[in-house]
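S.K.: If you scroll down you'll find the structure; I have some questions about it.
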Amino acid sequence: MTEHVVIVGGGTGGTVLANNLAERLAGEIDAGDVRLTLVNDDPDHVYKPVWLYVPFGQREPGDARRPLTELVEDRVDVRIDRVTAIDTDAQRMQSMEGPDPIEYDALVLATGSTLAPDEVPGLADAGHDYYSEDGATALRDELLSFTEGHLVLSVVGTPHMCPAAPLEFVFMVDDWLRERGLREDVDVTYTYPIQRVHGNPHIAEWARPIMDERDIGVETFFNAEEVDPDEQVLRSMEGTDIDYDLLVAIPPHRGVDLIEEAGLGDRGWVEVDRHTLEAEAAKHVYALGDTADTGMPNAGSVAHYQAGVVARRIASEIRGQPATATYDGKTLCFIETGMDAASFVEFDFERPPSPAQPSRKLHWSKLAYNEAYWLTARGLL
């Protein structure tokens with residue numbers, strides 16, 4: 001009987017996993033013993049870190065897209081469709097396009113994060129973001145004409161994609177304004193919802209002195225409650241109001257509704273064993289990347305390393321062997337500290353991050369990785 005492995009989501013985690021499994025199980029797939037399907041609701045694969053550079057005119061939104069079929073092994077059946085319901089007891093799913101259910105023997109959910117600005121009144125009308133293609137493009141247009149006033153970067157919701165990206169933006173915009181001779185006419189303020197500037201205390205301890213040195217205002221323990229677009233005021237639950245001329249917000253994030261509807265976790269995040277990435281509430285179901293509630297950053301490197309673990313576990317199970325591969329929390333991240341310098345961190349469940357001294361070399365390393373990413377997605381790096 002043919003074993004059917006289904007991956008839902010064609011982002012970093014889903015794509016890397018599909019290619020890893022296609023290579024690892026090539027013999028079984030060619031023999032007809034295994035079938036591998038990747039379901040995604042968009043024909044393109046999107047590399048979202050590119051959007052950070054769009055507001056500064058350094059990249060185009062289209063640079064973040066490639067057709068999914070160009071990135072995925074021929075042994076993978078790529079299905080452009082939207083999964084609308086999951087029955088984990090019957091091990092089948094319903095989709096928007098097909099009348100027949102999709103049955104699976106192993107299911108991997110890599111559905112990622114979605115933006116939910118409507119959860120904060122006024123935010124959708126007033127706030128700009130670079131966490132979406134349209135948002136990054138609109139912010140570029142605003143930023144190019146912004147010559148004076150108060151620019152506020154507010155982290156409205158956590159967890160969110162690319163945890164270092166809010167720090168990166170204020171470091172980059174500070175440098176960008178200085179290069180254009182505008183920094184003295186623009187005040188920059190950064191807000192974060194807890195009592196430090198980043199969720200990880202080690203990264204926060206490293207970043208705060210840089211912000212102070214560059215005269216970037218900081219408001220911690222600032223939980224945005226509403227935005228008044230007419231008065232251009234950002235209000236917090238704690239009673240603090242901040243006037244702005246340009247608001248750049250990291251909107252609340254959530255997962256897709258079908259996760260919660262399937263009883264796999266709250267707000268679209270699947271509750272998993274953080275080492276095995278197996279769902280707590282259902283058998284034969286894995287989750288990875290943003291979808292997996294592991295307490296680790298919602299970063300592409302996390303999804304990449306988790307995909308390798310899930311691939312090895314599924315291959316072992318299909319071959320009737322003990323699944324012993326585990327995820328150790330490995331994460332790595334470049335952090336831009338300006339327009340031509342960056343830092344780098346690497347950490348896991350046991351080892352905390354220790355950011356490297358910012359340098360031009362690390363900045364160019366990040367840019368080089370962004371170019372090489374497409375090889376990574378194909379499983380070539």
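Just so you know, all these numbers are worked out from the coordinates, no wet-lab data involved. What you are looking at is a predicted structure, and each value in this text was computed from that prediction instead of being measured. Positions of Cβ are generated from backbone atoms using ideal geometry, with glycine treated the same way; all protein chains shown enter the neighbour counts.
S.K.: According to the Cα gyration tensor, what semi-axes, each the square root of 5 times an eigenvalue, does the equivalent ellipsoid of the stretch 139-293 have, listed from largest to smallest in whole Å?
M.R.: Value: 35, 17, 14 Å, ordered largest first.
S.K.: Using only the alpha carbons of the chain, determine the length spanned along each of the three principal axes and report them from longest to shortest in whole angstroms.
M.R.: Extents along the principal axes: 69, 42, 37 Å.
S.K.: In terms of modelled amide H atoms, which long-range or inter-chain residues lie less than 5 Å from the amide H of PHE344?
M.R.: It is ILE335, ALA356, by chain and number.
S.K.: Given H placed 1.01 Å from N in the peptide plane, which residues other than close sequence neighbours of HIS45 have an amide H under 5 Å from its amide H?
M.R.: ARG66, LEU68
S.K.: When only alpha-carbon atoms count, how far does the stretch 1-87 stretch along each of its three principal axes, as whole angstroms with the largest first?
M.R.: Taking max minus min along each principal axis of the Cα atoms, the stretch 1-87 gives 54, 29, 15 Å.
S.K.: Compute the length gained on full extension between SER365 and GLU231: take 0.36 nm times their separation in residues and subtract their Cα-Cα distance, giving the result in nm to one decimal.
M.R.: 44.0 nm
S.K.: Can you tell which of ASP174, ASP230, ASP273 shows the greatest fluctuation in a Gaussian network model of the chain with Cα springs below 10 Å?
M.R.: In the Gaussian network model the winner is ASP230.
S.K.: Based solely on its DSSP helices, what 222 nm [θ] is calculated for the chain when runs of n ≥ 4 H residues each add -39,500 (n - 2.57) and the sum is averaged over all residues, nearest 500 deg cm²/dmol?
M.R.: Mean residue ellipticity, 222 nm, calculated: -8500 deg cm²/dmol.
S.K.: Trypsin sites (Lys or Arg not before Pro), restricted to the stretch 138-210: which are DSSP loop and have at most 13 other Cβ atoms within 10 Å?
M.R.: ARG180
S.K.: Please report the net charge: other residues with Cβ closer than 11 Å to the Cβ of ALA282, K and R +1, D and E -1.
M.R.: That works out to -4.
S.K.: Express in nm, to one decimal, how much length is gained between THR84 and GLU260 on full extension, taking 0.36 nm for each residue of separation and deducting their alpha carbon distance.
M.R.: Taking 0.36 nm per residue and subtracting the Cα distance, the gain is 62.2 nm.
S.K.: Also: Show me the GluC sites (Glu not before Pro) within the stretch 282-381 that DSSP assigns to loop and that have at most 13 other Cβ atoms within 10 Å of their Cβ.
M.R.: Passing both the DSSP loop test and the Cβ count: GLU350.
S.K.: Classify the stretch 290-381: rounded, prolate or oblate, from the alpha-carbon gyration tensor (a ≥ b ≥ c, eigenvalue square roots; a/c under 1.5 rounded; otherwise prolate if a/b is larger than b/c)?
M.R.: Note, shape of the stretch 290-381 comes out prolate.
S.K.: If you don't mind, there's one more thing I want to ask. Pop a pseudo-label 7 angstrom from the Cα along the beta-carbon direction at both THR137 and PHE221 and give the gap in nm to one decimal.
M.R.: According to this spin-label approximation, the distance is 4.2 nm.
S.K.: Now for a separate question. Over the chain, with a Gaussian network built from C-alpha contacts below 10 Å, which listed residue (ARG92, ARG319, ARG79) shows the highest mean-square fluctuation?
M.R.: Comparing ARG92, ARG319, ARG79 in the GNM, the peak value goes to ARG319.
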